[in-house]
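Novice: Before I ask anything, here is the structure I am working with.
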Amino acid sequence: MYYAHFGLKEPPFKITPNTEFFFTGGNRGAILDALMYAITSGEGIVKVVGEVGSGKTMICRMLQTQLPEHVESIYLANPSVAPEDVLHAIAFELQLQLPQNADRLQVMQVLQKYLLDRHAEGKQVVIFVEEAQGMPLATLEEIRLLSNLETKHDKLLQIVLFGQPELDVNLNANHIRQLRERITHSFNLGPLNEKAIGEYLIFRLRAAGYFGPHLFTAPAIAMIAKSAEGLVRRVNILADKALLAAFSQNVYQVTPKHVSAAIKDSEFGAEQVKRALKSRTLVAIVATLLIGLVTGYLVNSWLPKLSTSTNASSQKLPMAKTEPEILLKSVVVDKESASPAAASKESAEASKDHTLTAPVPVVPLAAPVPQPALQPAPVAQANPVNQAVVPKPAEMHPSTPTAPVATKLNGAPKMIVAPLTPVAQPLSAQAAAPQAVTTAAASNSSIPEAVVAKSQPEPVANSNVAEPLNSADILQSRLDEAQLWLKQQPASTVTIQLFGSANDDQLKRQLTTLVSQLELNAVYPFRTKVSGKPFVSVLYGSFASKQEALQAIAKLPSSLKAYQPHLRTVGGILKETNQFQ
């Protein structure tokens, strides 16, 4: 659904194990190599333990495809096998011919003969047991007995158990210790960390045919790693849903908003949201209880001390007997004793009768200040042509220096104040001012020419403003040039594929950005199809050999190296374009 939108040739995050999408990071490649060594050495029983969705089945499929030809493998996918039926199940997988109604002893004889014949031919047989944690312990013990089949030097049958952590619990039982002691190699598929998950996502995208930069932002990867808990199957589910959410919004990068929608749409994500809500509610309740306990303790501990301290301080301070009277005497001035001498005398008497530390100064009431009557604002009159346009003092900038200038207004001598330096004005004011100032200067020769010249605004230089590039013209011109270039170049010419896009608008923006990074004449976009949908790939340069092209890749800017550029030949490009015409 979203494959052509992101330039993908096939689904990148299917949960069905596909060996073409095997990721060697996160210690998976090292475990695979160790398993290959353990199986080919032919000693004991091998155990592989991992959580649900950690990639055990993918490891098993990789073993089946990479084992040498002399190693024959059989696969037991159903763990619910009774002890008396497990030998028949193994014989059925090996396509052995058993007598009708054969009992356990007869099946064992046929199986042993088959294994001896394979050993004589220089071949080896290995059994992969999936979901071994669900297999009855008696069945596991029956399989353990098969490991006793051996020659003087070698084991006839190799056994590999794949299971969840519950397998370790089952093997710890005392009555199964003989099987536990036969396990010579044990491997654990741990969860992927955040860095490995980021590498895993881009690896799967590249394997599906994507050539651009990482589709998932760093916060989105962190959110996927936290929700998936490092399990590969959960990562695939969340990544697939997040890409679908980004496609539905017609964007080309996955953000935490898209990952959040994917988490809410998944079963394990909904459970995580519920657990998070319960956890936050519990924390809030505990915090409220703690705050209440601390508050109660503080109130019970400090309130009695505060009360005792307040009572003690109130007993030490003497109370004034007639304090209101003193304040009134110090503020209100009687008509008969309004003189300063009378006021000083009353203050001195009050200080003798009461225990005040300092006399209160007498503040006489200020007389009301008469306010001038409001005058109507003068009506502005039209300015005659023969009068000079001089800015009013209130309109001048506070920091602008001024100087008196002698002039004539309406035929009478007049002194005015003119600015010595021009004041910065808005563009609209600058556009209207020159005409008036110039006219006034021309009509009245009494104003000095220096003042008139300085009052005119300076022109703004616009000669250095670069016109924007037309991205549509760039795209079309480079597409036409690329067609001519492909026809003129020999098939052996090597070029560099930088990136690709299914969206012309996005490609126009990228080409406009390339102008500042590369020589535009060496950029060749061409149209093709990906998954039956129109797609544009962008090439760079013409090189006679792969070595020259690799040296050119090393010199590319880091922003372009993030697209993982790779080499292509003109012959392969022509074959691709002709195929979709």
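The values are calculated or read from the model by the stated rules, or taken from the named source; none is laboratory data. Computed from a predicted structure; not experimentally measured. Glycine gets a Cβ as well: all are built from the backbone with ideal geometry, and neighbour counts include every protein chain shown. Just so you know, the surface numbers come from the protein's heavy atoms only, side chains and all, with ligands and any DNA or RNA stripped out. Shrake-Rupley method; radii C 1.70, N 1.55, O 1.52, S 1.80 Å.
Novice: Could you go through region 100-108 and let me know if any residue there is closer than 18 Å to residue 130 by Cα, open to solvent by 20 Å² or more (accessible area, probe 1.4 Å) and more than 50 Å from the chain's Cα centre (by Cα).
Specialist: Checked region 100-108: no residue is closer than 18 Å to residue 130 by Cα, open to solvent by 20 Å² or more (accessible area, probe 1.4 Å) and more than 50 Å from the chain's Cα centre (by Cα).
Novice: Six or more apart or on different chains, Cβ atoms under 8 Å: show the pairs whose first residue is in region 65-89 and among the acidic types (Asp, Glu) and whose second is in a helix (DSSP H, G or I).
Specialist: Here the result reads 72/118; 84/104, each pair linking region 65-89 to a residue that is in a helix (DSSP H, G or I).
Novice: Further, regarding this structure: Is there a residue being of a type in the set (Val, Ile, Thr) and out of contact with any strand residue (DSSP E or B) (no Cβ under 7 Å at 6 or more places or on another chain) anywhere in region 82-89?
Specialist: Yes - at least one qualifying residue is present in region 82-89.
Novice: Which residues, taken from region 133-150, are open to solvent by 40 Å² or more (accessible area, probe 1.4 Å) and not hydrophobic (A, V, I, L, M, F, W, C)?
Specialist: 134, 136, 141, 148, 150
Novice: For region 507-552, give me the residue count where each residue is at negative phi and open to solvent by 30 Å² or more (accessible area, probe 1.4 Å).
Specialist: 25
Novice: While we're on this one: Given the conditions (1) open to solvent by 40 Å² or more (accessible area, probe 1.4 Å); (2) in contact with a helix residue (DSSP H, G or I) (Cβ under 8 Å, 6 or more places away or on another chain), which single one is not true for residue 211?
Specialist: In the conditions (1) open to solvent by 40 Å² or more (accessible area, probe 1.4 Å); (2) in contact with a helix residue (DSSP H, G or I) (Cβ under 8 Å, 6 or more places away or on another chain), residue 211 misses (2) alone.
Novice: Considering 183, 176, 221, 202, which residue is out of contact with any Asp or Glu (no Cβ under 6 Å at 6 or more places or on another chain) and surrounded by 21 or more Cβ atoms within 10 Å (Cβ to Cβ)?
Specialist: Result: 221 is the single residue among 183, 176, 221, 202 that is out of contact with any Asp or Glu (no Cβ under 6 Å at 6 or more places or on another chain) and surrounded by 21 or more Cβ atoms within 10 Å (Cβ to Cβ).
Novice: Can you name the number of the only condition in (1) in contact with a His (Cβ under 7 Å, 6 or more places away or on another chain); (2) open to solvent by less than 70 Å² (accessible area, probe 1.4 Å); (3) in contact (Cβ under 8 Å) with a residue 40 or more places away in the chain that residue 123 fails?
Specialist: (2)
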